[in-house]
Amino acid sequence: MRGLSAAFTTDFLISFALVAVILILLGLIINLYSELSTIKTRYKKMMSGAEGTSIEQMLAAHTAEVNAAVNEYKKIQHQLDDVERLVRSSLARVAVIHFDAFEKTGQGLSWCVALLDRNNNGVIFSSICGNEAERSYVKPIEDGRVTSNYKLTKEEEQALRQAMSR
């Protein structure tokens, strides 16, 4: 009988240990299921936006907005480039010099005007006034220099230098 009692005790202990392990594993499974349920709930809540839209829909909408903003930026950048080209070629630098072309007049009635863009291209207008006559001249300026067909007077050179320094 003793052998039967020892076997019964060993079987009982093994059974008890297995039941304990099963109960512990069951507790862990219930705990994991509870945490999974909580995570699922939070995930569903996160995936549906404030107005019930999903994050994918929100990302798609934001991507469309970003693409529209990029296209608008490119359009504005192109317009800005056009404006910069226009500004560079518009009248930007002006200088006026009055002088006496003839000693006897003494009234400073002669003048020259340099009109240049930001690339130092433009013209110089000159008017030489005397007692009986007046002469006007126009000389083209490219890159801050008069073309080879013309020569500048000292007053025109002064007007050109003043205009280019502005």
Index of the failed condition, residue 66 passing every other in (1) at pLDDT 95 or above; (2) over 47 Å from the mean Cα position of the chain (by Cα): (2)
Sort out which residues of the stretch 146-158 are surrounded by 12 or more Cβ atoms within 10 Å (Cβ to Cβ) and free of Cβ contacts under 8 Å to residues at least 12 places away in the same chain, and write them in order of number. 150, 157
Show the residue pairs meeting these rules: Cβ distance below 9 Å; 6+ apart or different chains; first residue within the stretch 30-49 and surrounded by 10 or more Cβ atoms within 10 Å (Cβ to Cβ); second residue assigned to a helix (DSSP H, G or I). 46/55; 47/55; 47/56; 48/55; 49/55; 49/57; 49/58
Here are 54, 89, 127, 110: which of them is under 20 Å from residue 166 (Cβ atoms) and surrounded by 10 or more Cβ atoms within 10 Å (Cβ to Cβ)? 89
Among the listed residues 14, 29, which satisfies the condition of being at pLDDT 95 or above and part of a helix (DSSP H, G or I)? 29
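The values are calculated or read from the model by the stated rules, or taken from the named source; none is laboratory data. Just so you know, these numbers come straight off a predicted model, no measurement behind them. A quick note on method: Cβ atoms are made from the backbone with ideal geometry, for glycine too, and the neighbour counts reach across all protein chains shown.
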